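Participant: The structure that follows is given in the form of structure tokens.
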Amino acid sequence: MTHHQFKPSGVCSTLIEFDLDDQNRIHNTKFTLGCDGNLKAISKLTEGMEAEKAISILKGNQCKNKGTSCADQYTKALEAALSGNA
């Protein structure tokens with residue numbers, strides 16, 4: 001299992017952490033700051049999910065008029081981890 005950290009931009013959350021197992025399934029996601037209840041829900045819903053599936057579901061989700069969201073930034077974190085850049 002590999003641990004990843006990602007600093008999101010344009011959102012309230014300041015850090016996204018998660019683990020990927022050898023089948024690229026997501027575990028132990030934690031967001032620092034942001035909308036606590038919503039981010040805990042995203043973490044629970046994606047636990048054990050293949051990273052590619054989470055990306056396909058959450059990518060492009062927007063918060064207000066920010067052009068991104070914590071969920072969208074999470075997909076950027078997952079993509080970076082899959083490409084070896086996180």
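The values are calculated or read from the model by the stated rules, or taken from the named source; none is laboratory data. Model, not experiment: these values are computed from the prediction. Here Cβ is always computed from backbone atoms with ideal geometry, including for glycine, and neighbour counts include all displayed protein chains. Accessible surface areas use protein heavy atoms only, side chains included; no ligands, DNA or RNA. Shrake-Rupley method; radii C 1.70, N 1.55, O 1.52, S 1.80 Å.
Participant: Residues of segment 25-45 being farther than 20 Å from C12 by Cα and in contact with a Ser or Thr (Cβ under 6 Å, 6 or more places away or on another chain), which ones?
Facilitator: Of everything in segment 25-45, just one residue is farther than 20 Å from C12 by Cα and in contact with a Ser or Thr (Cβ under 6 Å, 6 or more places away or on another chain), namely I26.
Participant: Do any residues in segment 20-49 that are farther than 17 Å from A71 by Cβ have Cβ atoms under 6 Å from those of residues that are in a helix (DSSP H, G or I) and at pLDDT 95 or above, where the two are at least six apart or on different chains, and which pairs are they?
Facilitator: Between residues of segment 20-49 that are farther than 17 Å from A71 by Cβ and residues that are in a helix (DSSP H, G or I) and at pLDDT 95 or above, the close pairs are L20/A81; N24/A51.
Participant: Something else: Can you name the residue in segment 1-23 that is polar (S, T, N, Q) and not in a strand (DSSP E or B) and is also farthest from the chain's Cα centre (by Cα) among such residues?
Facilitator: First pass over segment 1-23, keeping only residues polar (S, T, N, Q): 2, 5, 9, 13-14, 23.
Next cut, not in a strand (DSSP E or B) only: 9, 13-14, 23.
Values: S9: 12, S13: 11, T14: 12, Q23: 17 Å.
Among those residues, the one meeting the criterion is Q23.
Participant: Filter segment 9-19 for residues that are in contact (Cβ under 8 Å) with a residue 60 or more places away in the chain and in contact with a strand residue (DSSP E or B) (Cβ under 6 Å, 6 or more places away or on another chain); which is surrounded by the fewest Cβ atoms within 10 Å (Cβ to Cβ)?
Facilitator: Of the residues in segment 9-19, the ones in contact (Cβ under 8 Å) with a residue 60 or more places away in the chain are 9-11, 13, 16, 18.
With the extra rule that they be in contact with a strand residue (DSSP E or B) (Cβ under 6 Å, 6 or more places away or on another chain), the set shrinks to 13, 16, 18.
Numbers: S13: 22, I16: 26, F18: 25.
Within segment 9-19, the match that is surrounded by the fewest Cβ atoms within 10 Å (Cβ to Cβ) is S13.
Participant: Within segment 56-72, how many residues turn out to be assigned to a helix (DSSP H, G or I) and in contact with a Lys or Arg (Cβ under 9 Å, 6 or more places away or on another chain)? Steps first, please.
Facilitator: Of all residues in segment 56-72, those assigned to a helix (DSSP H, G or I) come to 56-58, 70-72.
This time we only want the ones that are in contact with a Lys or Arg (Cβ under 9 Å, 6 or more places away or on another chain), so: 71-72.
Matching residues across segment 56-72 total 2.
Participant: Counting only residues that are open to solvent by less than 80 Å² (accessible area, probe 1.4 Å) and either among the small types (G, A, S) or in a helix (DSSP H, G or I) (or both), how many does segment 24-55 have?
Facilitator: Number of matching residues: 11.
Participant: Taking the conditions exactly as written (of a type outside the set (K, R) and under 9 Å from the mean Cα position of the chain (by Cα)), does A77 satisfy them or not?
Facilitator: Values: of a type outside the set (K, R): yes; under 9 Å from the mean Cα position of the chain (by Cα): yes.
So A77 passes the test.
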